[in-house]
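Below is one structure, written out as structure tokens; the observations come after it.
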Amino acid sequence: MAGPSGKKEKVDKAGPSGGGKKKKDVKKETGLGLSVKKDENFGEWYSEVCKHEMIEYYDISGCYILRPWSMAIWEIMQTFFDAEIKKMKVKNCYFPLFVSPGVLEKEKDHIEGFAPEVAWVTKSGKSDLEVPIAIRPTSETVMYPYYSKWIRGHRDLPLKLNQWCNVVRWEFSNPTPFIRSREFLWQEGHTAFATKEEADEEVLQILELYRRIYEEYLAVPVVKGMKSENEKFAGGLYTTSVEAFIPNTGRGVQGATSHCLGQNFAKMFEIRYEDEEGKREMVWQNSWAYSTRTLGVMIMTHGDDKGLILPPKVASVQVVVIPVPYKDANTQGIFDACTATVSALSEAGIRAEEDLRDNYSPGWKYSNWEMKGVPLRIEIGPRDLENDQVRTVRRDNGVKEDIPRGSLVEHVKELLEKIQQNMYEVARQKREACVQEIRTWDEFISALNQKKLILAPWCDEEEVERDVKARTKGETGAAKTLCSPFEQPELPEGTLCFASGKPAKKWTYWGRSY
């Protein structure tokens, strides 16, 4: 029989004495279950961890099935974010998946940025379509013709819409579950205002919500900052982002983006309103999105050689209760205690499940649930029954503790909070250990080769960034700006750009990225 590792296992068919009646087949413990270690082959490790109930590979390259274990996490984040944007008076809607070429190509910079990734429908049955239809890579051009129809006067503003949907970007390079896929789930908010001040304010409000998703829910530290002109949203005025960093690979990950589109799209799609004095003015627009990429960042950040480690806030099962019956033990009594424990935890709002399957050994169950990343395991054996206690085992650090059943609920709540905080703190320390401040090109190259998150003084010129990309191009990808953090360290007068030698204007994070 195959266990979590897929290896064949011996089956114990004999009773306690080694003879007599046959017992039910019991699957034995199979060790870690992963064939590679995170530090030794990160790509293979990540793929194996994702395949353990998070995704299933599909027969079209770059497309993945999201299984219930991962969808539950997405839904928890969705519930949080949806409630928060509704407090901001954002309303949900849904626009079609298809885009006509004329509309898609209206904003030249925008379509140039997305053109290589656009998928086209060219046939219906066996007949060629007269005009091919694009599948949305994002929905600015889908939605804005209708904004121009709906916005007439200043009383129609602000218009704040969001949709939860899928988009298709026909990525050709290195598809990676959650991180780079041809179809993914996201939310995209599209808002229109009378003034730039209102648009600017909302950009940062939304960015703060994205920080909270990463730091408070996924326990992943991020940096809030501004994207460079080269890296901003195609056709937009400016882009802000939350940036994560994966120490194992030395790569940044753009976690989520909040864009101020300015008036560019308003000009193209003629989105105008009549102000209070009767003058025709153009609106100011924003768009903002986060996607299922969030799940990939979480897995990469927290997973270990035993599999996933889920932060309690997003785990669909926060506590798993496992019976540990020895021979001649009161098995039914132990099972009843497990069920009672789950009931008590569930009534207190804790997401708990018992694993009473009798064809798996306790050790096998430990490995299996560890691989799935459940934050806390509770074991109940004969001695625990006798002492009216349970044993807790933390997934994040393996710490075991015996606690009285009388104070179980309070203790578990406290433990889950500690696990959440500890996961964030451990991730933050690992990230901080990778940050390297540099001043010169040689220091930059040295830090890049050491997989560092590089903070460098920069002249903020597009040509210089393009030059850095060209000079660092290699098998592992070129280095580029990740973001210029809003919290800027002091920049002493006379500091020069590490790449051009011109006067530096700001500190910027650089590195390779996903």
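The values are calculated or read from the model by the stated rules, or taken from the named source; none is laboratory data. Source: prediction; values computed, not measured. Note that each Cβ is placed from the backbone with ideal geometry, even for glycine, and that neighbours are counted across all protein chains shown. What goes into the accessible areas is simple: the full protein's heavy atoms, side chains included, and nothing from ligands, DNA or RNA. Shrake-Rupley method; radii C 1.70, N 1.55, O 1.52, S 1.80 Å.
Candidate cross-link partners of Lys91 among the aspartates and glutamates, defined by an alpha-carbon separation under 12 Å and a same-chain spacing of 8 or more, comprise Asp82, Glu188.
For the listed residue pairs Lys224/Lys452; Lys89/Lys149; Lys38/Lys232; Lys51/Lys86, the alpha carbons are over 27 angstrom apart in Lys38/Lys232; Lys51/Lys86. Taking amide H positions as modeled 1.01 Å from N, with prolines and chain starts lacking one, the residues under 5 Å from Leu482 and 5 or more places away or on another chain are Tyr509, Trp510, Gly511. In the chain, the calculated helix contribution to ellipticity at 222 nm averages -10000 deg cm²/dmol per residue, counting -39,500 (n - 2.57) for every DSSP H run with n ≥ 4. Cross-link partners of Lys430 among aspartates and glutamates, defined as those whose alpha carbon lies under 19 angstrom from its own and excluding same-chain residues fewer than eight positions apart: Asp39, Glu40, Glu215, Glu216, Glu243, Asp304, Asp305, Asp396.
Farthest toward the positive end of the dipole of the range 377-514, out of Gly406, Leu491, Ala427, is the Cα of Ala427, where the dipole comes from beta carbon charges about the Cα centre. For the chain, taking a cut-off of 4.7 Å between Cβ atoms, the unpaired cysteines are Cys50, Cys63, Cys93, Cys165, Cys260, Cys338, Cys434, Cys483. Would you mind classifying the range 262-351 by shape? Square roots of the alpha carbon gyration tensor eigenvalues, ordered a ≥ b ≥ c; an a/c under 1.5 is rounded, otherwise it is prolate if a/b is larger than b/c and oblate if not. The shape class here is prolate.
Phi-derived couplings, Karplus 6.51 cos²θ - 1.76 cosθ + 1.60 at θ = phi - 60°, listed residue by residue for the range 420-434: 4, 5, 5, 4, 5, 5, 4, 5, 5, 5, 5, 5, 4, 5, 8 Hz, with x used for Gly and Pro. The residues of the range 52-133 have, on average, 60 Å² of accessible surface per residue, using a 1.4 Å probe with all protein chains present. Here Lys506 is the anchor, and the aspartates and glutamates within straight C-alpha reach of less than 12 Å, apart from those fewer than 8 places off in the same chain, are Asp460, Glu461, Glu487, Glu490, Glu493. Rolling a 1.4 Å probe over the protein heavy atoms of the range 422-503, with every protein chain left in place, gives an accessible area that is 47 percent carbon and sulfur. The 3J(HN,Hα) values that the Karplus relation (6.51, -1.76, 1.60; θ = phi - 60°) gives for the range 47-55 are, in residue order, 4, 5, 5, 4, 5, 7, 6, 8, 9 Hz. Gly and Pro appear as x. For the chain, a crude dipole built from +1 on the beta carbon of Lys and Arg and -1 on the beta carbon of Asp and Glu, taken about the Cα centre, is about 1500 debye to the nearest 20. If the chain linking Ser127 and Asn449 were pulled fully straight, counting 0.36 nm for each residue of separation and taking away their Cα-Cα distance, it would gain 110.6 nm. The base-10 log of I(q)/I(0) for the range 300-361, evaluated at q = 0.11, 0.12, 0.19, 0.21 Å⁻¹, reads -0.34, -0.40, -0.81, -0.90 [Debye formula, identical scatterers on Cα atoms, solvent excluded]. Each residue, Glu487 and Val426, gets one label point 7 Å from its Cα in the Cβ direction; the gap between the two is 2.3 nm.
Computed on the chain, with alpha-carbon pairs under 8 angstrom and 6+ residues apart, the relative contact order is 14 percent. The phi-based Karplus calculation (6.51 cos²θ - 1.76 cosθ + 1.60; θ = phi - 60°) puts the 3J(HN,Hα) values of the range 247-258 at x, 4, 10, x, 10, x, 9, 6, x, 5, 10, 10 Hz, whole numbers, x for Gly and Pro. For the chain, the gyration tensor built on C-alpha atoms gives a prolate shape. Its axis ratio a/c (a ≥ b ≥ c) is at least 1.5, and a/b is the larger of a/b and b/c. Amide H contacts under 5 Å for Val167: Phe184, Trp186, restricted to partners 5 or more places along the chain or on a different chain, H placed in the peptide plane at 1.01 Å from N.
Between Lys400 and Glu270, residue separation times 0.36 nm minus the direct Cα-Cα distance comes to 40.4 nm. Taking each residue as 0.36 nm, the span from Ala478 to Lys91 lengthens on full extension beyond its C-alpha to C-alpha distance by 135.3 nm. The H on the amide N of Cys63, modeled in the peptide plane, is under 5 Å from the matching H of Tyr58, Arg182, each at least 5 residues off or on a different chain. Ranking Ser500, Ala478, Val464 by how far each Cα lies toward the positive end of the dipole of the range 400-514 (charges on Cβ) leaves Ala478 at the top. Shape class of the range 28-120 from the alpha-carbon gyration tensor: oblate, with a/c at 1.5 or above and b/c at least as large as a/b.
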